[in-house]
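**Q** One structure is given below, represented as structure tokens, and several questions about it will come after.
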Amino acid sequence: MKKYTLCCSIAISLLSNHVQAKNENALTSPLFTSPFFTDSQAQLSLRNEFRYLKEDATDKEKVHSAWGQGVALGYQSGYWADIIGINVDYYGAVKLGASDYFDSRGVLYNNGSGNNKDNATGFSKFGQRYIKLKGDVAGVALNAQGGWQTLRNYGVITNSTRLSPTSYLGWSGGMEGGGFSLRGAYVERTMARNSPDSLRLQTNEGRYINHLATGELGYKSQPFNGQLAYGESQNYLRRQILKVAFNPVEKLSLGSQIYTTQALDDYKSMALNRRNFDNNANHYAFDAKWQEPLWSLKLGVSHTRAPKGGGELGSYPRHMTRDSRGNFTSMAYSGEDYMRDGETMLAAWAEYRITPELTAGLTGNAAQFSYQGVAVRTGEINVFGRWDPSHPTLKNLTVFAMVGPGWSYKNRSKTPVISDGQYQTSHSLGAQFIAEYRFKLF
């Protein structure tokens with residue numbers, strides 16, 4: 001806690017000194033009239049997050065819960081000579097509460113072995129710190145970043161945010177012009193969303209992976225948007241992603257995603273219980289959204305193929321390595337559910353704006369797959385609400401809450417337990433609460 005407080009004090013002091021220097025020297029020093037300083041920005045974000053899950057999918061009922069308070073302080077410079085700049089983001093978190101198995105919620109740092117609630121702590125880190133470059137050649141915009149950075153839906157990888165986002169150490173960059181874009185990234189280390197540790201990329205067995213490389217070609221016009229991505233975690237997994245979105249009319253959006261993944265030598269050499277599939281895993285998804293001024297409705301369907309031998313149930317792996325995050329925007333996104341071999345899923349998301357500030361909604365998923373000739377069904381239903389106050393003092397505040405039950409199957413090593421030609425149903429209850437307040441410092 002002392003380290004957390006000290007880092008906040010240092011960061012705020014540095015920002016205060018910067019603002020003071022900016023005001024005092026702007027008229028006398030050419031240095032402070034440079035866009036590197038005059039175009040710089042700083043933001044402060046306070047995020048309170050609680051996540052809860054009660055389930056009985058294995059031998060006994062378990063409660064997974066974590067509650068923390070986070071702070072994020074970000075600085076983005078302008079560009080010196082219209083070419084080079086820097087970005088630095090500090091993240092801190094304080095533990096407010098935790099149960100055993102808290103680590104599955106991705107909110108607090110597990111500072112110990114096992115999943116005992118006494119291991120739950122906050123953390124402090126500079127999760128982003130990188131140099132940024134930009135340029136323009138014949139109307140084509142160029143950019144590059146080097147250092148610790150977040151990469152959201154970038155090729156086959158992405159970030160995920162709790163009290164801080166997942167970040168990666170490496171290089172990224174791209175070019176854009178005429179509706180086309182080309183991006184690529186090369187990363188060697190990762191920092192999880194709930195940890196200050198810099199980790200090498202690893203397999204499910206903990207063996208090191210040298211790097212993860214990815215690229216993406218995109219095209220965007222008024223009615224159409226498409227991306228084709230390719231990536232490989234060295235000698236472990238290879239992946240291709242095709243995403244398309246189309247707006248035939250103003251209120252209707254249609255989308256489809258195809259994910260294909262191939263096992264490489266280091267993946268195939270792992271023990272059976274460490275693998276999600278044997279050789280190939282594919283996921284196919286389609287969605288449609290109708291948007292009205294006060295309400296919207298989104299429907300989706302998906303199907304997964306991920307064969308696995310040895311009598312175990314296969315699944316599609318979202319992530320390319322341990323501790324990294326995979327780019328996955330299908331409506332099947334829900335932990336490891338809805339991506340099992342042979343599983344077909346239907347999903348729905350509906351929301352209604354009750355007032356300009358308050359939105360309420362309902363979301364649900366239902367799925368079925370066959371295991372040893374038995375039809376296994378899973379699903380969940382959640383109600384949610386979002387408050388975006390318009391009062392000048394609170395206009396940067398967002399409050400979100402969701403809660404609902406789910407049903408699945410009793411399992412051993414994620415494989416259904418079949419008895420007398422039937423599976424045993426398991427039940428769950430999940431909830432989350434997020435309150436975030438953001439504002440600019442300058």
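The values are calculated or read from the model by the stated rules, or taken from the named source; none is laboratory data. All figures in this text were calculated on a predicted structure; none of them were measured in a lab. Reconstructed Cβ throughout: ideal geometry from the backbone, glycine too, with neighbour counts over all protein chains shown. For the accessible areas, the whole protein counts, side chains as well, though only heavy atoms, and no ligand, DNA or RNA atoms are used. Shrake-Rupley method; radii C 1.70, N 1.55, O 1.52, S 1.80 Å.
**Q** Need the list of lysines near K289 for cross-linking: C-alpha distance under 27 angstrom, and skip anything on the same chain fewer than eight residues off.
**A** By straight Cα distance, K289 reaches K220, K243, K251, K298.
**Q** I'd like the carbon and sulfur percentage of the solvent accessible area for the chain, probe radius 1.4 Å, heavy atoms only, ligands and nucleic acids excluded.
**A** 57
**Q** Below 8 Å, C-alpha to C-alpha, sequence gap of six or more: please give me the relative contact order for the chain in percent.
**A** That works out to 12 percent.
**Q** Where does the Debye-calculated log10 I(q)/I(0) of segment 279-351 sit at q = 0.14, 0.27 Å⁻¹, using only Cα point scatterers of equal weight, no solvent?
**A** For segment 279-351 at q = 0.14, 0.27 Å⁻¹, log10 I(q)/I(0) is -0.51, -1.22.
**Q** Moving on to the next point. For segment 308-366, calculate the relative contact order in percent as a whole number, restricting contacts to Cα pairs under 8 Å that are 6 or more residues apart.
**A** With pairs under 8 Å counted, the relative contact order is 24 percent.
**Q** If you fit an axis through the alpha-carbon atoms of helix 2-25 and take the longest principal axis of the Cα set of the chain, what angle between them do you get, 0 to 90°, nearest 10?
**A** It works out to around 40 degrees.
**Q** Hey, what's the Kirkwood Rh for the chain if you take every pair of different alpha carbons, in angstrom?
**A** 23.9
**Q** Taking the alpha-carbon distance from K395 and a cut-off under 19 Å, which lysines remain once sequence neighbours fewer than 8 residues away in the same chain are dropped?
**A** K440
**Q** Could you work out the Kirkwood radius for segment 360-442, taking every pair of different alpha carbons, averaging 1/r and inverting it, reported in Å?
**A** 15.8
**Q** Can you give the Rg/Rh ratio of segment 89-244, where Rg is from the C-alpha atoms and Rh is the Kirkwood radius?
**A** Result for segment 89-244 is an Rg/Rh of 1.04.
**Q** Which of D103, D420, D388 moves the most in a Gaussian network model of the chain with Cα springs under 10 Å?
**A** Largest GNM mean-square fluctuation: D420.
**Q** Same structure, new question: Calculate the FRET efficiency for A138 and R200 from the Cβ-Cβ distance with a Förster distance of 41 Å, rounded to the nearest 0.05.
**A** Given R0 = 41 Å and the Cβ-Cβ separation, E is 0.55.
**Q** Straight-line reach from K60: which lysines fall under 29 Å, measuring Cα to Cα and dropping same-chain residues less than 8 apart?
**A** Correct list for K60: K95, K117, K308, K410, K414.
**Q** Hey, another quick one. Per residue, what accessible area does segment 206-308 have, given a 1.4 Å probe and all protein chains present, in Å²?
**A** 51
**Q** Separate question: Between the alpha-carbon centers of segment 238-254 and segment 351-391, tell me the distance in whole angstrom.
**A** A separation of 21 Å, based on Cα centres.
**Q** I'd like the Karplus ³J(HN,Hα) series for segment 138-143: coefficients 6.51, -1.76, 1.60, θ = phi - 60°, whole numbers in Hz, and an x wherever there's a Gly or Pro.
**A** Result, rounded to whole Hz: 6, x, 9, 7, 10, 8.
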